[in-house]
Amino acid sequence: MNALNQIILEGNVVRQPEKRVLQSGFKVCTIPLAVNRHYRNTEGVTTDEVSFFDVDTYGNLAEACEKWCPTGRGIRVVGRLKQERWQTEEGKTKSRVKIIAEHVEFKYFNKKDSTGNAKSEANEKEGPASADLGTPALTKKQKLAMLAEAAAAAQKEQEGEEVNF
């Protein structure tokens with residue numbers, strides 16, 4: 001029987017991702033993600049539940065995520081679970097489960113400036129003129145460039161040596 005270890009999460013980045021470099025020189029970016037769940041409880045009242053996860057990305061995907069995952073951006077992560085185990089100084093065995101991303105999809109990101117006007121990442125760099133004209137926050141060319149960069153990073157990871165984390 002083949003083992004299956006796959007997870008799909010969709011949520012919003014809650015803090016700026018943290019990038020670090022391992023002793024081996026490999027790049028890691030940890031994305032703090034909030035995932036919302038809406039359901040009806042036993043009394044029929046709609047309830048909201050929020051879960052927080054740290055998602056680790058590696059290599060070229062880590063660089064793309066550091067660049068394209070600001071606070072508030074929605075992302076979809078396809079990955080796997082990895083259990084880490086260690087011994088404390090007192091000799092107790094501890095463990096935790098991490099989410100290792102194998103693919104990250106970036107959702108449209110549109111945040112508001114101090115005046116309440118919609119402002120995209122592109123507008124922040126180029127100025128508010130395009131937002132004032134009512135044009136889309138990101139042009140098709142910018143969206144395609146962003147997606148191409150993320151796809152190239154994922155492809156490089158798949159073509160490279162298989163690294164176990």
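The values are calculated or read from the model by the stated rules, or taken from the named source; none is laboratory data. Bear in mind the structure is a predicted one, so any value in this text is a computation, not a measurement. Counting neighbours? That spans all protein chains shown, and the Cβs are built from the backbone with ideal geometry, glycine included. SASA here: full protein model, heavy atoms, side chains in, ligands and nucleic acids out. Shrake-Rupley method; radii C 1.70, N 1.55, O 1.52, S 1.80 Å.
Remarks
- Scanning the range 93-100 turns up at least one residue that is open to solvent by less than 50 Å² (accessible area, probe 1.4 Å), more than 15 Å from V14 (Cα to Cα) and touching a residue at least 60 places away in the same chain (Cβ under 8 Å).
- All conditions in (1) open to solvent by 50 Å² or more (accessible area, probe 1.4 Å); (2) more than 20 Å from A152 (Cα to Cα); (3) in a strand (DSSP E or B) hold for K19, with the sole exception of (2).
- Candidate set: the range 52-66, residues that are modelled with pLDDT of 95 or more and touching a Gly at 6+ places or on another chain (Cβ under 8 Å); chosen: the one surrounded by the most Cβ atoms within 10 Å (Cβ to Cβ): V55
- Test: residue in the range 31-53 that is among the basic types (K, R) and under 10 Å from the mean Cα position of the chain (by Cα): no
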